[in-house]
Amino acid sequence: MYGWIWRHLPGNVWVKALLSLVLTLAVVYVLFQYVFPWAEPLLPFNDVTVNDQ
Amino acid sequence: MAVTTDETEERTDTSETAPKRRRMGRIAMAVSVFGELLITAGVVLGLFVVYSLWWTNVLADREAGEEADRVRDNWQAADDSPGALDTKDGIGFLHVPAMENGEVLVKKGTSSKVLNGGVAGYYMSPVKATLPTTDKDGNFTLAAHRDGHGAKFHNIDKLEKGDPIVFETRDNWYVYTVYETLSETSKYNVKVLASIPRESGKKKAGKYITLTTCTPVYTSRHRFIVWGELERVERVNAERTLPKELR
């Protein structure tokens with residue numbers, strides 16, 4: 001999978017490495033900005049109140 | 001140009017070996033993709049931990065800090081022009097020296113939307129909190145996160161009987177003293193929020209404060225409760241001199 005991505009990135013090794021880094025950062029950004037805030041309320045880690053339900 | 005020739009050489013190299021590798025077996029291929037997916041899942045879960053325990057704190061502290069500044073600005077402005085106080089950004093600050101986390105902004109409601117802003121919220125449901133500013137007997141019930149989103153009650157287990165909890169409003173310092181803690185209770189135990197919290201041993205009406213958060217740390221399995229009783233109310237003076245408990 002990652003080998004396939006690596007082979008399909010353009011340029012020489014340095015360009016590929018740079019593009020990989022950019023791709024990784026983009027994925028981390030999407031996770032922190034959109035995926036985790038969406039997933040968090042669905043997971044039972046952060047309820048602090050007492051309630052009836 | 002040397003680079004490009006190098007590259008084409010590399011390419012032809014891989015294209016020569018690639019079919020060989022593919023012939024090596026679909027199973028090997030599937031296993032390697034599966035392995036990479038597992039590694040990815042592990043990394044994503046690790047990132048989620050980083051997000052929960054660090055990044056949400058950064059965001060929440062930033063948001064709460066801005067709101068706290070607005071509240072203090074409002075208080076300042078209200079001094080000059082009397083009228084209804086704007087409490088949208090918060091009604092005051094909680095100071096708990098034993099928790100060693102400075103001041104915690106207090107806002108209305110305990111929805112995750114409110115609490116995720118790095119504040120303590122006072123209960124509107126299932127039992128409505130009695131605000132100390134009303135001067136009535138009752139229970140000032142609060143909730144805040146134990147971890148992540150500012151983790152304002154992280155050190156709630158450091159509180160002991162006799163420790164002060166000070167609530168600051170524009171005009172008053174409300175000084176409470178902790179008289180009972182409950183290190184673990186069910187999350188459905190709404191009785192702890194009663195205006196006379198009998199579980200803490202009180203039978204008469206009075207001015208109480210109740211802090212609730214989740215326990216053990218990093219989970220939401222149970223609830224940690226701390227009860228305090230109002231000891232005295234101090235007027236805020238022009239210099240906003242701290243009460244002796246906070247000095």
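The values are calculated or read from the model by the stated rules, or taken from the named source; none is laboratory data. Small disclaimer: the values here were computed from a predicted structure and weren't measured. Cβ coordinates were reconstructed from backbone atoms using ideal geometry, including for glycine residues, and neighbour counts include every protein chain displayed.
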Inset, instruction - Could you tell me whether B:Ser32 is in contact with an Asp or Glu (Cβ under 9 Å, 6 or more places away or on another chain) and in a helix (DSSP H, G or I)? - result: no
Inset, instruction - For region A:20-53, enumerate the residues that are within 11 Å of chain B (Cβ to nearest Cβ) and among the small types (Gly, Ala, Ser). - result: A:Ala39
Legend entry - Selected residue [closer than 29 Å to B:Trp75 by Cα, among the hydrophobic types (A, V, I, L, M, F, W, C) and under 22 Å from the mean Cα position of the chain (by Cα)] from B:Leu193, B:Leu211: B:Leu211
Inset, instruction - Return the total of residues in region B:180-193 being in a helix (DSSP H, G or I) and at the interface with chain A (Cβ under 8 Å from one of its Cβ atoms). - result: 3
Inset, instruction - Of all residues in region B:208-230, count the ones that are in contact with a helix residue (DSSP H, G or I) (Cβ under 9 Å, 6 or more places away or on another chain) and either polar (S, T, N, Q) or over 23 Å from B:Lys152 (Cα atoms) (or both). - result: 4
Legend entry - Of the criteria (1) surrounded by fewer than 24 Cβ atoms within 10 Å (Cβ to Cβ); (2) modelled with pLDDT under 95; (3) under 21 Å from the mean Cα position of the chain (by Cα), which one B:Pro164 fails: (2)
Legend entry - Top-ranked residue in region B:217-247 [being polar (S, T, N, Q) and out of contact with any strand residue (DSSP E or B) (no Cβ under 7 Å at 6 or more places or on another chain); ranked as nearest to B:Trp75 (Cα to Cα)]: B:Asn237
Legend entry - Check on B:Thr130, of a type in the set (Ser, Thr, Tyr) and more than 15 Å from the chain's Cα centre (by Cα): yes
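For region B:167-179, enumerate the residues that are assigned to a strand (DSSP E or B) and surrounded by fewer than 20 Cβ atoms within 10 Å (Cβ to Cβ).
Passing the criteria: B:Asn172, B:Thr177, B:Tyr179.
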Inset, instruction - Name the residue, out of B:Ile156, B:Ile196, B:Ile225, B:Ile209, that is away from chain A (no Cβ under 14 Å) and surrounded by 22 or more Cβ atoms within 10 Å (Cβ to Cβ). - result: B:Ile209
Inset, instruction - Of all residues in region B:132-153, count the ones that are more than 14 Å from chain A (Cβ to nearest Cβ) and small (Gly, Ala, Ser). - result: 1
